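Right, one structure below, let's go through it.
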Amino acid sequence: MNNNDAPLAENPSSHSESSDNPETDSPLNRRTFLLTASSTLAVTAAHMLTPTSAATASSPSDPARTPGMEASAYGTRATFEHAQRLTTSTRSLTPLQQLSGIITPSALHFERHHNGVPLIDPQKHRLLVHGLVHQPMIFTVEELKRFPAESRLAFIECSGNSGKEWNGPKGRTVQETHGLTSTSEWTGVSLATILHEAGIRSEAKWMLAEGSDAAALTRSIPLDAGLEQALLCYAQNGEPLRPEQGYPLRLLLPGWEGNTCVKWLRRLKLMTSPAMTREETSKYTDLMPDGTARQFTFDMEAKSVITFPSGGQQLEKPGFVEIRGLAWTGRGRITHVDVSTDGGQSWQAAALQQPVLPMCHTRFRLAWEWNGQATILQSRCHDETGYVQPTLADLIAIRGTHSYYHNNAIQSWKITEDGKVHNVHI
Amino acid sequence: MFTSNKWTLTPIWVMTVMFICVSALVSAAAESEHTPTYNIGRPASQAEIHAWNIDIAPNGEGLPSGQGTVIEGATVYTNICASCHGLTGIEGPMPILIGGRDTLTTNQPLKTVGSYWPYATTLYDYIYRAMPLNAPQSLSPQQVYAVVAWILFRNGIIEESTILNAQTLPAVHMPNQKGFVRDTRPDVSRMVP
C-alpha cells in the first residue's frame, strides 16, 4: 500500500507538541517508557503508581511510533474490552451478545452455585469412590490427571435458563434471557475409567455425585448414562478449571442440565436407586398443570437464540445486517436453523458455521437487509433426532407456566423503527 | 431336603448340580475379583468413607442414631433458622418451609416441604448437609431430628408427640410422595414441513 494513501488523520508531530494533549504526559506513556527501560525496579514502581484502569485513559495516536508493552506472564484482554458477566450472589450470566464463535471465554462462562464458590487447595482435594464397588478408592487430583485424558467441546446450560420468561418477557437483553449457557473445551478422565478402577458391583444402577462446596450439592445420575458419556474434568479451555466451574474437579454430562455436572466433585457413591436429594425433588423438577412434577428431566432440548440484533441493542440505520446467533441441543447435533425476519410468517435457512459438534453451541448467520420498518426476528433450530424448537405457546399448552425449568422456546426480538431491539412475546 | 436313599444319580441331576456349582463359582469370582487396569489411586479406609458418607436414602439408610422431638425442634428453629426463614417458617425472606398444601394445581403453586417434597429423609439429608446456610454440617443428629420434627409437625404431617429417629423418620408419609413422574419428553415438537 502506498503510504500517501494511508488515512493519516492526525499529524503526529503537532500532536505531541500540543500542551493539552492527554497523551504526552499520560500514565501510559510514562509506564511504557519505564517498561521499555527494562528496570525491574521501575516496572514494579510503575505498576504500583499506575492502576490498570489508568492505562485505558489514552492510547498513542500512532501505535506504530510508540514501543509497546513487554511480554506478560499471564495475559489479560485489551483494556478497551469490557464484556462482563451479570452477577447476583448465586449466579452470573454470560454476555452472549458480546461473544463471537462458539467458545465461551473461561472468565465469562456462566456460574451457578448454591452457597458460594469454595476455595479448594488441589493438593488437599480428594475424590472418594465408594458404595456398590468392589474396592472403595481415593484419588488425588494429580492421580486423576495420570489416567488417559479425553477432551470434548460441550455446552453446559442451567435448566433454569430462560426460566423467568414463562409468564411474559422479563429479560431486557439476551444475557438476561439466555445467559445461563456457555461452551468450553473440557478435559478429564472418563467416569467409566475411574469406576472400573474401583470395580462396579452388578447391583449398582445409580450414582450419587457430591460437591465439596458449602451446599455439598448432590445429584443422582443413572449409572448407564454416566458410564456412556460422563467425564471427570480438571481442565477447561486448556487450563485448570476456573474456581466458579468446579476447580479442581467437576463432573460433565454433555447435553444434560447443568446442575448434574456437579462441581468441586469429591464423592461418587454407587447405589441401587436414586438418593432423592433436595436438588432432584424440591428443585430441578418440573411442575405440570395437573400437579404432578417431572423428575430427572436431564436432557436439555434443542434451543436457539439470535444474539445480534438482540434485546437492548441498537441498529444505527437501515441496511445490511448479519443476523447472528447460537443453537444447541442436548440430544446430538444441530441440523439446521431457520430465521424469520417477519415474526414467524416465513423462514429462511441460516448458514451454520463449522464445526457443528454434538452437545455444543453452534453458530448460525443470515445476511439480511433491514428496511427501517418495525419487525420481529426469531430463530428456530432442528436437531438430528428430528426435534424442532417449539414456540412458547406450544410449550405452555402442555406444561403450563409453572414448570420453571427447561424453557427452550423460540425467542422473539422486536426491532422498532428507531432501530432499538426489544424482548417481546408474540 | 433330600434324604440319601432317595438320591439317585441320574445324568441329568449330575449335570444340573455341576452347572449350578460352576455358575456359582463364576459369579462369585466376578463379584469378588477386582482387577484395576491402571493401579492409580489407593483403597479408601472405613474412616475416610465414614467422614464423608452423609447422604440419607429414602429407606433411612445413612441415618445416625439419636432422636428429636417437636418441642426441642421449636427451640432449634427459633435459635438457628428463624432469622432467615421467618419466625414461623412462612415469613421468609429465605424459602418458605411451611404450608402450600393443595396449591400445586392452582395459579399460584407454593412448593414447600409440606406441599411438594416426596420424602421426609430428604429433609434430614438437606438440613444436615446445607443448613444453616452460614454453618453447614454443624448441627448434631439430635438438632437435625428435632428441627425436622418441628417442620413436619408445623406442616400437619406428624403429631406433636412424634419422636423422630432412624426408625420413625423413613416411615413418615409425605403428602406429595406420589406426585413425581419420570421424564416424558420430547413432549412438544411440531415437525415443520
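Structure above, values below:
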{"read-out": "Of all accessible heavy-atom area on the stretch B:55-179, the percent that carbon and sulfur account for (1.4 Å)", "value": "54"}
{"read-out": "The stretch B:55-179, dipole about Cα centre (Lys/Arg Cβ +1, Asp/Glu Cβ -1), debye to the nearest 20", "value": "220"}
{"read-out": "Contact order normalised by residue count of chain A, Cα under 8 Å, 6+ apart, percent", "value": "14"}
{"read-out": "Solvent-free Debye scattering, log10 I(q)/I(0), computed from the Cα coordinates of the stretch A:102-237 at q = 0.12 Å⁻¹", "value": "-0.60"}
{"read-out": "R0 of 51 Å, Cβ-Cβ distance residue B:46-residue A:365: FRET efficiency to nearest 0.05", "value": "0.30"}
{"read-out": "Point-charge dipole on Cβ atoms (K/R +1, D/E -1) for the stretch A:90-294, about Cα centre, debye to 20", "value": "340"}
{"read-out": "Chains A and B, summed buried accessible surface - 1.4 Å probe, Å², nearest 100", "value": "5300"}
{"read-out": "Rounded to the nearest 20 debye, dipole of chain A from Cβ charges on Lys, Arg, Asp, Glu", "value": "1180"}
{"read-out": "Members of the stretch B:149-188 that become less accessible by 10 Å² or more once partner protein chains are added (1.4 angstrom probe, chain alone as reference)", "value": "B:179, B:180, B:181, B:182, B:183, B:184, B:185, B:186, B:187, B:188"}
{"read-out": "Under-5 Å amide H pairs with residue A:307, H placed in peptide plane, nonlocal only", "value": "A:324, A:325, A:326"}
{"read-out": "Residues of the stretch A:173-215 buried by at least 50 Å² on assembly (accessible area, 1.4 Å probe, chain alone as reference)", "value": "A:197"}
{"read-out": "Alpha carbon convex hull of chain A, volume per residue in cubic angstrom", "value": "192"}
{"read-out": "Whole-number D in µm²/s for the stretch A:303-424 (Stokes-Einstein; Kirkwood sum over Cα pairs; 4 °C, 1.567 mPa s)", "value": "88"}
{"read-out": "Label-point gap, in nm, between residue A:71 and residue A:342 - each point 7 angstrom along Cα→Cβ", "value": "5.8"}
{"read-out": "Area accessible to solvent at residue B:145, 1.4 Å probe radius, in Å²", "value": "0"}
{"read-out": "Average beta-carbon neighbours from other chains, 10 Å sphere, peptide A:280-289", "value": "5"}
{"read-out": "Relative contact order for the stretch A:90-294, counting Cα pairs under 8 Å that sit 6 or more residues apart, in percent", "value": "25"}
{"read-out": "For residue A:308, solvent-accessible area (1.4 Å; no DNA, RNA or ligand), Å²", "value": "70"}
{"read-out": "Carbon + sulfur, % of accessible area of the stretch A:209-323 - ligands and nucleic acids excluded, 1.4 Å", "value": "51"}
{"read-out": "Efficiency of FRET between residue A:393 and residue A:373 - r from beta-carbon atoms, R0 25 angstrom, step 0.05", "value": "0.50"}
{"read-out": "Residues in the stretch B:108-123 occluded by at least 20 Å² - accessible area, probe radius 1.4 Å, against chain by itself", "value": "B:109, B:111, B:116, B:117, B:118, B:119, B:122"}
{"read-out": "Taking only Cα atoms of the stretch B:55-179, radius of gyration then Dmax in Å", "value": "13.5, 42"}
{"read-out": "For the stretch A:303-424, accessible area per residue (1.4 Å probe, heavy atoms of protein chains only), Å²", "value": "38"}
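The values are calculated or read from the model by the stated rules, or taken from the named source; none is laboratory data. As the structure is a computational prediction, the values presented were derived from the model and not from experiment. Quick reminder, even Gly has a Cβ in these numbers, built from the backbone with ideal geometry, and neighbours come from all protein chains shown. SASA here: full protein model, heavy atoms, side chains in, ligands and nucleic acids out. Shrake-Rupley method; radii C 1.70, N 1.55, O 1.52, S 1.80 Å.
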